[in-house]
Amino acid sequence: MTFPVTSTSHSLAEYRARGGYVALEKALKQMQPQDVTKEVTASGLQGRGGAAFSMGRKWQVVVPDDGQPHYLIANADEGEPGTFKDRWILENNPHMLVESMLIASYALGVRNCFVYIRGEFDLPYRRLAGAVEEAYAAGYFGEHILGTGFSCDIVVYRGAGAYVAGEASGLLASLEGKKSYPRNRPPRLTVKGLYQRPTVVNNVESLSNIAWIIAHGAAAFKEVGTPKSPGTRLFSVSGHVNRPGVYEVELGYPWMKFLEEDCGGIQGGRAIKCVVPGGVSSKVLTGADIADLKLSHEALWDAGSTLGSGGMIVIAEGTCMVTLLAIMLRFYHHESCGQCTPCRHGTGWMHRIIDRIVAGGGRPEDIERLYYISKFNDGTTICGLGDAAGYACTGILDKFRDEFEYYIEHKRSRHDGNLECLRSS
Amino acid sequence: MPEIFINGQAIEAREDQTVLQVAREHGIFVPYFCWHPQLSVVGNCRMCLVEVEGRGLDIACNMPVNAGMKVFTESDEVKAHRKAILQFITLNHPVDCGICDKAGECMLQDYHYTYNGAASLSLDDKVRSTKYYNLSNRILLDNERCILCLRCTRFTHEVSKSMALGVERRGDVSNIRPVEDRPLGEDPYSDNIVDICPVGALQSRQFLHKARVWYLKPTPSVCPGCERGCTIQIWHRKPEWFLKSLDQRQNTSIARITPLENPAVNGPWICNKGRDLTRIFERTRADQPMLKGRPVPVAEALDAARRLIGAARHPVALVSNWGSNEELEAFKRYLGEVFHTHVKRDWQPEEGERIEDDLLIRPDKNPNTAKARDLFGEDEPAYHDGTDLVLVWGEGYDFARIPAQAKIIFLNSYLAPENGHADVFLAVSIQTERAGHYTNFQGVVSAFEPCFPKGESVLDAEVLFKALAAPARGHP
């Protein structure tokens, strides 16, 4: 079933017609805050931003009435390359997020919640801002919502275009008006987050599930998906497929079936060379790797990668992996915030090496050097950006090392379309 | 009191401590750049990575102690990572130690030899950035040497509160830059960032290319700039490295002044005035005793002074609050019975000088007022018709206020017009030429030691007072 996107499908009236804001009423009038958290924990919902951490366990750390303010933040700074699923929600169903945030605020004892939306999002911002206005007009925000004792306000805050602001603590720093430098843990953000208060930062898609879970119950949610990965996920598919776009897929769905049938197969009928499963920070998997895989968190972890943010990039046979890695590493170099040493220098170092290889100046030791940098970036940095750059790099190097060796030796890509005999002299 | 294990050694820690603090307290050295005991933890240099059993690597500076945790600071994994971190730090660092003022006291240099020792693994170009960036009229910034530990920005935010520095751009092109509307030049504590910079990125213009630090030695001293009495180190040339040609004045001049850490008074900081003591100490000296402006040998001047004292019926003395505790006590012991003694305020606040603040600077711009008042009371100098002799010790007193009939004995160290007007002028030594103690406004006593030899005809005030108390040797 497809979602009927029309020129008004994002409006409050149509959202209500689809059964919207019923869950909010149910939560506020029939449930205690801790019951909502219990329901979310029981659903086994995992974060959809990349780490797939249990939402319920994150929420449980926050004690709703411990006398201090709490904050809830929807992370709409969707910056992971290849990912554009939150954008779809914000553009076409923003009220799903708004309602879910209200329920979550109720559960967590939050008076003020925030949406941190990336600055490059224009239509999503306008749609969300419109939805918030509609919600205020309908009495879903403000004092005494729906005649209950619960009050809540929302602020939609636009970022200024830093990838690292999508990292929860970097986001908080940016929201506080500082440079988006991620923070060291401990303390965890659920203990000391925004303005040093307990804060829950959730991905837009993760939060958007809450309304459905409250309306239909955790048991109904767990009926879909696999036992370890319940529910459905949005995948934003791009690359060499015939029908790229945002797909809602129940977890545990066969991967090849998804690509061949739902996404219309690979362009030109070529074989799959590799797939970036969930944003470029997850390790790539080759066509052979994914042949029998199912789209679930546990299956991907077993295969040595992760579903990450659900930003799936399909790469067909004939693509130059050296150039692909160069593009990825340029991104990480450009987006490193420069706070901690290994990432600040490591990402730039990797970028210079790969650029030199692409320009034909590669040296045999360069591959080892890339491994070296990746190794010492992993686990030594404040946030995950340094790690991710290393994963992207080693993921490709592990599987396509011969291509890099070829490039370095012949000073050209094996996939540049030229026959070898023409270049041999 | 949770017990933790560092390298197998059981240590009692306090609950609010981090592993780095515990290790430091027990003499276990963990290298770090960005951590500083007086500043907040940012944990960005990643140099203090240690291994915790069951948890892998993490930074010690931000690691709360947990009962029973087993920390390893020298495991193979830790050593490999330290080495790699130093590779990363030196990747874009110019490694221009040969022309860097920090060489010899640079944390990066020390760590490189201790933990890395290998050449750079990179053969690619380094990231270039600005050199000699003008942060203020006192400080230059070399962005290529900067390792972005953010000690300087944190200092201006947390200690001096001038908020003068921030970081511009991101990634490996991040730069420390001054904030437009908060000039660092107006921060009276700005030079401390030069000291806390772990590398040679921040350079003092006073000291720029002036000396290699291994030719210098620090002598502990006390800043006379205000009644806070911050302890300082006066850096000057080691005797074994004295210049035998060229500008030999360098052998006896102050190269630079840095704070001497002292939790009781100033912590690890001093203000910029304390760095500028050459302005006070290296003025032209008066090193020749005189009678009414006529140069005479020391013995003759002393005799003349003794005769004046012996003949006086109502002598008044104005003692200097720049005198050390010992000198003030000597005056009291030898001459206290002879003179009506008052405490004189040698220095007044200069125009534009910060008078007082919450950190260090105090309104009284003299070092030993507390001790002087303790010995001689707080009365303002007073004369009457019978005043026939005034002994003025130290500068800053207007001779016009002395009754015309009174003879004047003047003890001073610097060239001044009054020197020649005094009936007897005696040259006394300055702080850098003698040892002694000052008592600050809180009653804390700090010691200073001599750095340089004094001139032949210059006397220490302590000796001078004893000599003045001896009977005169009759008429010449």
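Structure notes:
- Lone unmet requirement of (1) surrounded by fewer than 16 Cβ atoms within 10 Å (Cβ to Cβ); (2) at pLDDT below 90 for A:G279: (1)
- Applying the condition of being crowded, with 18+ Cβ neighbours inside 10 Å and touching a helix residue (DSSP H, G or I) at 6+ places or on another chain (Cβ under 8 Å) to region B:98-108 and asking which residue is nearest to the other protein chains (Cβ to nearest Cβ) yields B:L108.
- Of all residues in region A:112-159 being among the charged types (D, E, K, R) and free of Cβ contacts under 8 Å to residues at least 24 places away in the same chain, the one that is nearest to A:P69 (Cα to Cα): A:E143
Every residue, every condition in (1) surrounded by 13 or more Cβ atoms within 10 Å (Cβ to Cβ); (2) modelled with pLDDT under 90; (3) in contact with a Ser or Thr (Cβ under 9 Å, 6 or more places away or on another chain); (4) on the phi < 0 side of the Ramachandran plot, yes or no:
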| residue | (1), (2), (3), (4) |
| --- | --- |
| B:H342 | yes, no, no, yes |
| B:P349 | yes, no, no, yes |
| B:L360 | yes, no, no, yes |
| B:A372 | yes, no, yes, yes |
| B:L375 | yes, no, yes, yes |
| B:P381 | yes, yes, no, yes |
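- Among the residues of region B:22-80, the ones that are more than 9 Å from chain A (Cβ to nearest Cβ) and out of contact with any Cys (no Cβ under 8 Å at 6 or more places or on another chain) come to 34 in all.
- Filter pass, A:E298 being farther than 26 Å from A:R18 by Cβ, surrounded by fewer than 16 Cβ atoms within 10 Å (Cβ to Cβ), among the acidic types (D, E) and more than 14 Å from every other protein chain (Cβ to nearest Cβ): no
- In this entry, B:G54 passes the filter for residues that are on the phi > 0 side of the Ramachandran plot and in the same structural domain as B:Y32 (by TED's automatic domain parsing).
- Region B:110-128 - residue that is acidic (D, E) and not in a helix (DSSP H, G or I) and, of those, farthest from the other protein chains (Cβ to nearest Cβ): B:D125
- Of the helices (runs of 4 or more DSSP H) that lie entirely inside region B:237-330, those containing 3 or more residues that are farther than 30 Å from B:A422 by Cβ span B:272-275.
- Evaluation of A:V63 against (1) within 18 Å of the chain's Cα centre (by Cα); (2) part of a loop (DSSP other than H, G, I, E, B) (one fails), failing number: (1)
- Residues in region A:163-186 that are at pLDDT 90 or above and in a loop (DSSP other than H, G, I, E, B): A:E167, A:E176, A:G177, A:K178, A:K179, A:S180, A:Y181, A:P182, A:R183, A:N184.
- Residues in region A:302-311 that are over 19 Å from A:R401 (Cα atoms) and in a loop (DSSP other than H, G, I, E, B): A:T306, A:L307, A:G308, A:S309, A:G310.
- Just one of the listed residues (B:C149, B:C223, B:C230) is in contact (Cβ under 8 Å) with a residue 24 or more places away in the chain, within 14 Å of chain A (Cβ to nearest Cβ) and either touching a Pro at 6+ places or on another chain (Cβ under 9 Å) or surrounded by fewer than 17 Cβ atoms within 10 Å (Cβ to Cβ) (or both), and it is B:C149.
- Flag for B:V296 being in the same structural domain as B:L415 (by TED's automatic domain parsing), under 18 Å from B:L459 (Cβ atoms), at pLDDT 90 or above and of a type outside the set (K, R): yes
- Scanning region A:379-408 for residues that are more than 10 Å from chain B (Cβ to nearest Cβ) and either in a loop (DSSP other than H, G, I, E, B) or polar (S, T, N, Q) (or both) yields A:C383, A:G384, A:T394.
- Any hit, region A:339-362, residues being under 24 Å from the mean Cα position of the chain (by Cα), surrounded by fewer than 21 Cβ atoms within 10 Å (Cβ to Cβ) and at the interface with chain B (Cβ under 9 Å from one of its Cβ atoms): no
- Hits in region B:65-119 (condition: on the phi < 0 side of the Ramachandran plot and free of Cβ contacts under 8 Å to residues at least 12 places away in the same chain): B:D76, B:A80, B:A84, B:F88, B:G98, B:D110, B:Y113, B:A119
- Filtered residues of region A:86-117 (kept if surrounded by 24 or more Cβ atoms within 10 Å (Cβ to Cβ) and of a type in the set (D, E, K, R)): A:D86, A:E99
- When A:G56 is tested against the conditions (1) touching an Asp or Glu at 6+ places or on another chain (Cβ under 9 Å); (2) of a type outside the set (D, E, K, R); (3) without any contact (Cβ under 8 Å) to a residue 24 or more places away in the chain; (4) under 30 Å from A:H334 (Cα atoms), the lone failure is (4).
- In the set (1) closer than 24 Å to B:Q38 by Cβ; (2) more than 14 Å from chain A (Cβ to nearest Cβ); (3) free of Cβ contacts under 8 Å to residues at least 24 places away in the same chain, B:H157 fails one condition alone, (2).
- Some residue of region B:386-394 being surrounded by fewer than 19 Cβ atoms within 10 Å (Cβ to Cβ) and more than 18 Å from B:I280 (Cα to Cα): yes
- One residue from A:P254, A:P230 being more than 14 Å from chain B (Cβ to nearest Cβ), surrounded by fewer than 20 Cβ atoms within 10 Å (Cβ to Cβ) and in contact with a Lys or Arg (Cβ under 6 Å, 6 or more places away or on another chain): A:P254
- Among the criteria (1) small (G, A, S); (2) farther than 21 Å from B:F88 by Cα; (3) in a loop (DSSP other than H, G, I, E, B), the one B:A10 does not fulfil is (3).
- Residue check, A:L24 more than 29 Å from A:A299 (Cα to Cα) and in contact (Cβ under 8 Å) with a residue 40 or more places away in the chain: yes
- Annotation: B:N134 fulfils all but one of (1) within 18 Å of B:S204 (Cβ to Cβ); (2) touching a residue at least 24 places away in the same chain (Cβ under 8 Å); (3) not aliphatic (A, V, I, L, M); the unmet one is (2).
- Of residues in region B:160-180 being over 22 Å from the mean Cα position of the chain (by Cα) and more than 14 Å from chain A (Cβ to nearest Cβ), the one surrounded by the most Cβ atoms within 10 Å (Cβ to Cβ): B:A164
The values are calculated or read from the model by the stated rules, or taken from the named source; none is laboratory data. These figures come from a predicted structure and were not determined experimentally. No Cβ is skipped: glycine too gets one built from the backbone with ideal geometry, and neighbour counts run over all protein chains shown.
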